[in-house]
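Quick note: the coordinates plus some simple rules give every number you see, no bench work behind them. All values reported here derive from a predicted model rather than from experimental measurement. We place every Cβ from the backbone using ideal geometry, glycine too, and count neighbours over all the protein chains shown.
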């Protein structure tokens, strides 16, 4: 079976500075991969690289929630599927949302527990609610590979686990950047650790333990 | 990074000194006399008139048309400007068109348009819409450029351009666009009032004859009516009322007389009038040398001296406006005048800035007789009031320690040094506006560029007027570029400069002085 994501000796960076060095990574369809590492290690750059190379099969949850503050939660979630409808239909939905779209969006909002905020202005939401809106947008987008950059950082551990479970059920392949070791061990099949822009560890979760991963995060709060 | 060069580095102090020196050097060349025989007596009659306004004299029609022209002109300019703003950073041509449109004053546009559409509503609306298109295009493009793009970046790749715009761009800057457009309506009304002075049927038309005949009580009533309209703008001009305002304005427009000849005028204007005289149906071999001689004659005898006079007026008025702003800003600050005092000060400055400078210059010229002095007073009052108002508001927002000094000590050791970078940013931004207005004052008889434009148009030498206008446009673009350069070198280019940007600077109160190293520390 062809891999969902393949990076072959890839280097990348931004503003002229190289952040990723010689990354080789292959992710099979159906895998749940947690990308871990200290802040500044290159996790976001790696996820953005994957997104840019596989734009047409990736649903993205960016690190800042990236919502339009002046639009409702409904419209922000609907933005995940703008490419599936005609421009005319999109404009109509902006002014007068069709019942079918409201039902579809309500359904994904129920999954993240935000259905009562359907027509609230996104700018009025709390940080955690904004993050769940961003998650709902990715679910509605529905592309097979989910790339989430710290998708649950603003949620408590119980909520975070629940959201990760829902995302796992809706998307075929999952790639998350996570900073919480226990959460990563619990909700992924494989952990890829980055340090200084290089992969220093890439093993299935079954062979890993909290104690073994902890030294990589020395000095950071766990 | 150290910049190699002969010139010393530009600081707040050296920039101020240079502008002061230029202004003082210009004074001997400026005619500052008062030639009216009894200016005091006339001024007394003016004050008497203001104190007993004759409301019966208000011609409702001209008030309505003042608003209608402004509403339609701003709506048209705003719509066109929004369209241009979308492609502003993609096409150099669009940027050039926008820059040319806004570098020509609405009064000059009106004088030109009259050659084609006569004294009609079309002239009034287009004279506002054309320069405002240029202004809106630039300002909206800045809004889009500064807008948060994170939501747009996450959209599915195949989203159509229009859906992308409607969902992820317009909602992000919609509030800013709305606030700015509605604020512009206020400027539009000042502009349409002034258009009356060249013959269009707005308030200015009545005001001109009242001022000329010394009917100050009637003029005062009309002006009071104008101030009320401006003062209540937030009540009647809102997003929800815009459709009604536009439709209503369309319904009340004055009937156009002689509309049938518009196309013929248009053909004549572009086919004959605006073509330089030496190029019109000449078949001999000297066409281009004749053209060169024609262009040189106008440049040497009109553009040259006109530019010098325009700059003399602008530089003196700029410094006078700056001095006035520094003197006036405590008037609108609660910290200096207390609660009631600052309301009074604010009302005074809002009324002053609502007074169109062209009208003020016209009135002062009537009172004091022809010289540059009335123009300097008008320009410095208007611009000084705007800058003073903005500075005063900011002075109240500065974080102060609990045992900060008060009164004069606070002024000299606290607020003024901290706000000085912001003050220079405002003043340098208004430099180009003052220059444009200085050129226009030529229509009132001063020998600035507008004098030559007005003379050429009244002699129906449209080709000459067009060349002069290119000169005006180039001059104002040069000053605009120089102002930008100075603001960058003084590291004050990121500070807010627009009157309508007030709400934004309030929102970003936590870091209002980013980019101005001298101003970064709060008052301590």
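Couple of notes before you dig in:
- Listing B:235, B:119 from fewest to most neighbouring C-beta atoms within 10 Å gives B:235, B:119.
- For region A:46-93 versus region B:203-266, the inter-centroid distance based on Cα atoms is 47 Å.
- Linear extension gain, residue B:22 paired with residue B:347, 0.36 nm per residue minus alpha-carbon span: 113.7 nm
- With the convex hull drawn over the C-alpha atoms of region B:53-254, the volume per residue is 128 Å³.
- Beta bridges assigned by DSSP with both partners in the protein assembly as shown are antiparallel in approximately 45 percent of cases.
- Shielding of peptide B:169-181 by partners, expressed as the average count of other chain Cβ atoms within 10 Å per residue Cβ, is 2.
- Global geometry of chain B, whether rounded, prolate or oblate, following the gyration tensor of its Cα atoms and the 1.5 cut on a/c: rounded
- Inter-chain neighbour count for A:89-98: the average number of beta-carbon atoms from partner chains within 10 Å of each residue's beta-carbon is 2.
- Averaging the Cα positions of each part gives two centres, and for region B:112-180 and region B:383-450 these lie 29 Å apart.
- Helix-only mean residue ellipticity at 222 nm for the protein assembly as shown, each DSSP H run of n ≥ 4 adding -39500 (n - 2.57), per residue, nearest 500: -18500 deg cm²/dmol
- Put simply, when B:490-497, B:410-417 are sorted by average Cβ atoms within 10 angstrom per residue, most first, you get B:490-497, B:410-417.
- Virtual spin-label span in nm between residue A:70 and residue B:45, 7 Å along Cα→Cβ: 5.2 nm
- Each of A:174, B:212 was scored by other Cβ atoms within 10 Å of its Cβ. Arranged with the fewest first, they read B:212, A:174.
- Note on the protein assembly as shown: Cα Rg divided by 2.2 N^0.38 Å, N the number of residues, gives 1.17.
- Computed over region A:5-217, relative contact order equals 31 percent, with contacts defined as Cα pairs under 8 Å that lie 6+ residues apart.
- Comparing A:159, A:130, A:207 in a Gaussian network model of chain A (Cα springs below 10 Å), the most mobile by mean-square fluctuation is A:207.
- Efficiency of FRET from Cβ geometry, residue B:178 and residue A:3, R₀ 51 Å, rounded to 0.05: 0.55
- Length-normalised contact order for region B:53-254 - Cα pairs under 8 Å, 6+ apart - percent: 36 percent
- Taken as Cα centroids, region B:336-372 and region A:136-180 sit 61 Å apart, rounded to the nearest whole angstrom.
- Largest GNM mean-square fluctuation among A:58, A:108, A:95, using chain A with Cα springs under 10 Å: A:95.
- Beta bridges from DSSP with both residues in region A:5-217: antiparallel share about 45 percent, rounded to the nearest 5.
- Cβ crowding within 10 Å, taken as a proxy for footprinting-reagent exposure, orders B:382, A:171 from fewest neighbours to most as A:171, B:382.
- If you run the Gaussian network model on chain A, springs between alpha carbon atoms under 10 Å, then out of A:44, A:209, A:65 the most flexible one is A:209.
- Other protein chain C-beta atoms within 10 Å of residue C-beta, averaged over A:61-68: 5.
- Per residue, the average separation of C-alpha pairs within less than 8 Å and at least 6 apart gives chain B a relative contact order of 19 percent.
- Nearest-0.05 FRET efficiency for residue B:460 and residue A:120, computed from C-beta distance (R0 56 Å): 0.30
- Peptides B:14-20, B:203-209, B:365-371 ranked from most to least packed, by the mean per-residue count of other Cβ atoms within 10 Å: B:203-209, B:365-371, B:14-20.
- Sorted on the mean count of surrounding Cβ atoms within 10 Å across their residues, most packed first, peptides B:448-455, B:36-43 read B:448-455, B:36-43.
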